[in-house]
Protein chains: 2
Amino acid sequence: MQIWYTIVVRRLTFGDMMIQRVQWVRQSLEELISQHRPGDRLPSEESLAKTLDVSRATVRSALIALEQEGRIVRRHGLGTFVAQQRPLVRASLHHLSSVADIVRDNGYRAEVKGIDILPVTLHHPVASSLGCEDGDPGYRVTRTVYADGTPAVYLVDYLPEKFGDQIIDLRGYSDRMLSYLRSFGIVVDYAITQLSLGRAFEESAQALNISVGDPVLLLTQVAYTALQVPVVYSLGIHREGYVTYSILRHTDARKD
Amino acid sequence: MQIWYTIVVRRLTFGDMMIQRVQWVRQSLEELISQHRPGDRLPSEESLAKTLDVSRATVRSALIALEQEGRIVRRHGLGTFVAQQRPLVRASLHHLSSVADIVRDNGYRAEVKGIDILPVTLHHPVASSLGCEDGDPGYRVTRTVYADGTPAVYLVDYLPEKFGDQIIDLRGYSDRMLSYLRSFGIVVDYAITQLSLGRAFEESAQALNISVGDPVLLLTQVAYTALQVPVVYSLGIHREGYVTYSILRHTDARKD
């Protein structure tokens, strides 16, 4: 429970020069990219390092940053290419709405493909999160949300077969789970969502057209009615580079 | 702006059997892990597939899931090992507090190491986020937060040199940025935070003892005073498997 600190304070030094240099390399590469079209191959790391008179490590660091932002694509043994402009969907974490709506609200074409509804038995941690017994019957609903033609988010929802005495027939479900449940009088009021870094499994990798083990942004969510009855357990598996979530965080300052 | 849907509804089928089987394989592996100690090697994928009478793909899928949860470690060519229990820090995204405090509140020993304060010039997007001119002088403060001895989060803060007429001397800074700024009368009230999936750069990779390009959970944050004056631009680079953030999300249901 202890907190330990170590501290180093430096004046303007070699390190500062290095950071200025990295920024300059970054700007030079951005300029180079802006002069090319998507799919064009950029000069090699070695060639860029020579041209800019910096180390290959510095060039590589800048290229990784640009790759992360979706500006370039690096293919081992093939080289570095200017990327297609990919959509970057921004969503507020405060508000709970359908992923398709979020994609559309960002100005992209949204498609929901491969909706698949399957009766399953519910196990831990899904069963306990939904207030069911282990082995209770339920549904597993999967689908992929495309943004401008690219699979961006793979969604897996688990629902119990019954809410109280009411049996849910999901065969009429077509897209938005929350709207569909409302047609049965089940109104989701809020959800508790966990955000973490995950990895793509075979199923999600296939749906998102990525490799098994590729990193994904994972939203694990339980949605509740206003009476705090759990309704849906969801996994939102977000392909890298497509979605960023924003949130407002408050400090304790107002308590003073 | 259109939304398209495709749908497949299935009855209890082969797919259901497959999912039951995956769950059963998963439970069997959990049982196996519980019978071993951290560092023990588990049987090979092939051997597990034979024992459980399922395909290697099914075993691999379950192993990836267990690896993602930090239960096992898979090393190519070496095999699968039972993982050390690693801390999993849970934090609320609603509340803005120091990472060291978050780690400590989760019951882990928190250490802040390698605090480094460097004068820099501020550039886009940091300068514009802080309401500065491009090239204005500022500080770059970096440090690593350890949870139970393991580097979990690498933090990079950018601050302008001056807030209005006030020059900030960061040499007295020892750990919590927000507390330190309050000692100058600069009270952070809230922050706007973006969460996304990122990749480790050389600097953050070194600090977190991971490889360049490894996936990280990235929090990009601008902190403001109650008068909406931006104070700090921060990057929180979170090592995989250590931190999960939770949040409460509301639907539109209450508007009706």
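The values are calculated or read from the model by the stated rules, or taken from the named source; none is laboratory data. Please read all numbers here as calculations on a predicted model, not as lab measurements. Methodologically, a virtual Cβ is constructed for each residue, glycine included, from the backbone with ideal geometry; neighbour enumeration extends over all protein chains shown.
Assorted remarks:
- Complete set of residues in the range A:216-244 that are at pLDDT 90 or above, small (Gly, Ala, Ser) and not in a strand (DSSP E or B): A:Ala226
- Qualifying residue in the range B:40-58 (condition: among the small types (Gly, Ala, Ser), in a helix (DSSP H, G or I) and buried (at least 17 other Cβ atoms within 10 Å of the Cβ)): yes
- Subset of the range B:100-137 (residues that are assigned to a strand (DSSP E or B) and not β-branched (Val, Ile, Thr)): B:Ala110, B:Glu111, B:Lys113, B:Gly114, B:Asp116, B:Leu118, B:Pro119, B:Pro137
- Filter result for B:Val120 (touching a Gly at 6+ places or on another chain (Cβ under 9 Å), facing chain A (nearest Cβ under 7 Å), crowded, with 16+ Cβ neighbours inside 10 Å and touching a residue at least 24 places away in the same chain (Cβ under 8 Å)): yes
- Flag if A:Glu31 is loosely packed, with under 15 Cβ neighbours inside 10 Å, at pLDDT 85 or above, not assigned by TED's automatic domain parsing to the domain that holds A:Tyr139 and not small (Gly, Ala, Ser): no
- Of all the criteria given as (1) modelled with pLDDT of 90 or more; (2) within 15 Å of A:Gly241 (Cβ to Cβ); (3) in a loop (DSSP other than H, G, I, E, B), the one not satisfied by A:Ser211 is (1).
- Leading residue by the ranking (farthest from the other protein chains (Cβ to nearest Cβ)) among those in the range B:75-101 that are among the basic types (Lys, Arg) and either touching a residue at least 60 places away in the same chain (Cβ under 8 Å) or under 30 Å from B:Leu178 (Cα atoms) (or both): B:Arg86
- Scanning the range A:192-211 for residues that are closer than 13 Å to A:Tyr154 by Cβ and either among the aliphatic types (A, V, I, L, M) or more than 10 Å from every other protein chain (Cβ to nearest Cβ) (or both) returns A:Ala200, A:Ser204, A:Ala205, A:Gln206, A:Ala207, A:Leu208, A:Asn209, A:Ile210.
- Condition met for A:Thr225 (without any contact (Cβ under 8 Å) to a residue 40 or more places away in the chain, within 8 Å of another protein chain (Cβ to nearest Cβ) and of a type in the set (Ser, Thr, Tyr)): no
- From A:Val145, A:Val153, residue being β-branched (Val, Ile, Thr), in a strand (DSSP E or B) and touching a residue at least 60 places away in the same chain (Cβ under 8 Å): A:Val153
- Only listed residue being out of contact with any Leu (no Cβ under 9 Å at 6 or more places or on another chain), polar (S, T, N, Q) and outside any helix (DSSP H, G or I), chosen from B:Ser196, B:Ser174, B:Ser179, B:Ser97: B:Ser174
- Between B:Leu122, B:Leu88, the distinction of being under 24 Å from B:Ile33 (Cα atoms) and modelled with pLDDT under 90 belongs to B:Leu88 only.
- Filter result for A:Ile72 (surrounded by 15 or more Cβ atoms within 10 Å (Cβ to Cβ) and more than 8 Å from every other protein chain (Cβ to nearest Cβ)): yes
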